[in-house]
Amino acid sequence: MKFTRFTLTAALALGLGVSAHTATSEELSVATFLPPQHHTNTGMFTWFAEEIEKRSGGSLTMKLYPAGQLGAGPVQQYKRAVEGVADITFGVSGYTPALFPKTMLAILPGTSETADQSTRAIWDIYEDHLADEYEDVKVLAVGTVAGNLFAATRDVSTMEGMKGVKIVPFAAMTTPIIEALGAVPVQMPVTEMYTGLSTGTIDATTASYNNITQPWNFWDVSTYIVENVPSTFAVTYAVMNKERYMSLSDEHRAIIDEVAGLPMSLELAKSFDGADERSKKIIAETTDKNYEWIVVSDEERAKMDAAVAQGLDAIFADYEGRGIANVRDIYGALNR
């Protein structure tokens, strides 16, 4: 009898040991170049942390390393995920466009006007057209921020006013569009644009509503804020080291799979659109700034759209010359 009791106790202990091993606590490191208060951290990554902890009963968590703590600057973020410097990284596709040529087509002006619309369009075509660009990682999110304003020190609300303007686009690949508008593209990170506008190094920059107010405060160094311009987008991503993902238990991988893809991408878009909505409210309530807000007329917008179409043709021809023969089909699918 004593032997039986010992055997049952030992079996129970063994069973608990196996169960504990299956639910081993895991903490995922998350590297971003953005400051802690940025809305991708307070929005998408906060949502992600809460979801994985809740679904795992606390056995799967994450730790955020903001402001480049695991490596300075945004350019190497994808590489850091591939090499396992961090389990998860957040980055901007435009900093390494050669890695994501088809994804970069989501940057171009089209039918989308908000981050939510553009992000949904990306995921509508992801499996058919984009998935092969992310084979080295586990994709958690791919989403966008909309650039639908010009912040400027010159009136760029007309095609005539655009002539010769030094403007920062959302990505270098839009250079043919900027040139078709009559402007001169200047590449510059967002961290330098405030100074660029204040010193005259640039005359204008593509912006979101959130760029106008804190934390970027373009309204302090802009004479004009111009609305109703062709929207362009910055594509961003959150990706996970593939080996780290595969090292997780079946239970934890299933949780990652449940939140990854469109759900997390929409949280990313929500963080950008939400920041824009908050900034719109601040803009409407603030009366002590010295810029002029201009809405481009329908006539001038039609001229801009015609120039955009001309620029798109040049971009598509470049893609076709590089062997991406179905570029027009991919762009059409993104904008159907």
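The values are calculated or read from the model by the stated rules, or taken from the named source; none is laboratory data. A quick note: this is a predicted structure, and the numbers were derived from the prediction, not measured. Positions of Cβ are backbone-derived with ideal geometry, glycine not excepted, and every protein chain shown enters the neighbour counts. To get the accessible areas, we keep the full protein, side chains included, count just its heavy atoms, and leave off ligands, DNA and RNA. Shrake-Rupley method; radii C 1.70, N 1.55, O 1.52, S 1.80 Å.
A compact table of results
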{"read-out": "Answer from 160, 179 - the residue that is touching a residue at least 40 places away in the same chain (Cβ under 8 Å), in a helix (DSSP H, G or I) and surrounded by fewer than 24 Cβ atoms within 10 Å (Cβ to Cβ)", "value": "179"}
{"read-out": "Which numbered condition residue 267 misses (of (1) surrounded by fewer than 21 Cβ atoms within 10 Å (Cβ to Cβ); (2) part of a helix (DSSP H, G or I))", "value": "(1)"}
{"read-out": "Residues of the range 187-202 satisfying the condition of being part of a loop (DSSP other than H, G, I, E, B) and either open to solvent by less than 20 Å² (accessible area, probe 1.4 Å) or in contact with a helix residue (DSSP H, G or I) (Cβ under 8 Å, 6 or more places away or on another chain) (or both)", "value": "187, 188, 201, 202"}
{"read-out": "Test for residue 223: is it among the hydroxyl-bearing types (Ser, Thr, Tyr), out of contact with any helix residue (DSSP H, G or I) (no Cβ under 6 Å at 6 or more places or on another chain) and free of Cβ contacts under 8 Å to residues at least 40 places away in the same chain", "value": "no"}
{"read-out": "Near pairs, Cβ below 7 angstrom, 6+ apart or cross-chain, from the range 184-197 (within 13 Å of residue 220 (Cβ to Cβ) and touching a residue at least 40 places away in the same chain (Cβ under 8 Å)) to any residue that is open to solvent by 40 Å² or more (accessible area, probe 1.4 Å) and of a type outside the set (Phe, Trp, Tyr)", "value": "197/153"}
{"read-out": "Residue 208 vs. criteria more than 23 Å from residue 77 (Cβ to Cβ), polar (S, T, N, Q) and crowded, with 22+ Cβ neighbours inside 10 Å", "value": "no"}
{"read-out": "Selection from the range 270-301 of residues that are within 18 Å of residue 155 (Cα to Cα), hydrophobic (A, V, I, L, M, F, W, C) and open to solvent by less than 60 Å² (accessible area, probe 1.4 Å)", "value": "294, 296"}
{"read-out": "Tally, over the range 287-325, of residues that are in a loop (DSSP other than H, G, I, E, B), free of Cβ contacts under 8 Å to residues at least 12 places away in the same chain and either polar (S, T, N, Q) or on the phi < 0 side of the Ramachandran plot (or both)", "value": "3"}
{"read-out": "Residue under evaluation residue 106, criteria (1) out of contact with any Pro (no Cβ under 6 Å at 6 or more places or on another chain); (2) surrounded by fewer than 18 Cβ atoms within 10 Å (Cβ to Cβ), criterion not met", "value": "(2)"}
{"read-out": "Residue match in the range 242-262 (condition: open to solvent by 80 Å² or more (accessible area, probe 1.4 Å) and assigned to a loop (DSSP other than H, G, I, E, B))", "value": "no"}
{"read-out": "Some residue of the range 123-145 being more than 21 Å from residue 313 (Cα to Cα), open to solvent by less than 40 Å² (accessible area, probe 1.4 Å) and at pLDDT below 95", "value": "yes"}
{"read-out": "Residue under evaluation residue 75, criteria (1) modelled with pLDDT of 95 or more; (2) in contact with a Phe, Trp or Tyr (Cβ under 8 Å, 6 or more places away or on another chain), criterion not met", "value": "(1)"}
{"read-out": "Top-ranked residue of the range 74-111 - restricted to ones that are part of a helix (DSSP H, G or I) and small (Gly, Ala, Ser), ranked as nearest to residue 309 (Cα to Cα)", "value": "106"}
